[in-house]
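> For reference, the structure I am asking about is given below.
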Amino acid sequence: QLQLEESGGGLVQAGGSLRLSCATSRRTFSHYDMAWWRQAPGKEREFVAAIVGNGRTTFYSDSVKGRFTVSRDNDNRTLSLQMNILKPEDTAVYYCAAFTGGPYYDIRSYGSWGQGTQVTVSS
């Protein structure tokens, strides 16, 4: 399993931007497809975005497509999520996760999770 640590969350006004990061010390980071998930209070954890190991292909949920961009730096073993045009409904705890197989949008497809970082968007 990967040890993952998210950072970059905070409070931002609607329409603003934030950039989340997820770091690992695992040297085989590039071997893993990675994803961002989020969980709002009282709701189930939902898929946000995924990126394959070499960074060439990405996937997004419809709710963030066109506003969020997932990227990775394999040399520095870091996953990022650039979030623009933030909305109050984006308020959630954001988690990075390492993919182990199956559909990207299925929570059971992930074997390692970070502790999460809180993003709050005020209206």
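> Conditions first: (1) closer than 18 Å to G8 by Cβ; (2) of a type in the set (V, I, T); (3) touching a Lys or Arg at 6+ places or on another chain (Cβ under 9 Å). T69 passes all but one, so which condition is the exception?
The number of the failed condition is (3).
> Something else about it: Condition first: farther than 26 Å from D75 by Cα, in contact (Cβ under 8 Å) with a residue 60 or more places away in the chain and assigned to a loop (DSSP other than H, G, I, E, B). Now tell me which residues in segment 28-63 satisfy that.
Across segment 28-63, the qualifying residue is only R45.
> Still on this structure, I have one more. Just for segment 60-74: of the residues that are surrounded by fewer than 17 Cβ atoms within 10 Å (Cβ to Cβ) and touching a Gly at 6+ places or on another chain (Cβ under 9 Å), which one is nearest to Q118 (Cα to Cα)?
S71
> What single numbered condition from (1) crowded, with 16+ Cβ neighbours inside 10 Å; (2) within 15 Å of the chain's Cα centre (by Cα) fails to hold for V12?
Evaluating V12 over (1) crowded, with 16+ Cβ neighbours inside 10 Å; (2) within 15 Å of the chain's Cα centre (by Cα) leaves (2) as the failure.
> Please list, ordered by first then second residue, the pairs with beta carbon atoms under 9 Å, 6 or more apart or interchain, first in segment 75-93 and without any contact (Cβ under 8 Å) to a residue 60 or more places away in the chain and under 11 Å from V119 (Cβ atoms), second open to solvent by 40 Å² or more (accessible area, probe 1.4 Å) and part of a helix (DSSP H, G or I).
Hits for this filter: zero, empty list.
> Just to be sure I understand, how many residues within segment 100-123 are open to solvent by 30 Å² or more (accessible area, probe 1.4 Å) and under 27 Å from V12 (Cα atoms)?
Here the count works out to 7.
The values are calculated or read from the model by the stated rules, or taken from the named source; none is laboratory data. Please read these numbers as outputs of a predicted model, since none were measured by experiment. Positions of Cβ are generated from backbone atoms using ideal geometry, with glycine treated the same way; all protein chains shown enter the neighbour counts. Quick note on the areas: whole protein, heavy atoms, side chains included, nothing else; ligands and nucleic acids left out. Shrake-Rupley method; radii C 1.70, N 1.55, O 1.52, S 1.80 Å.
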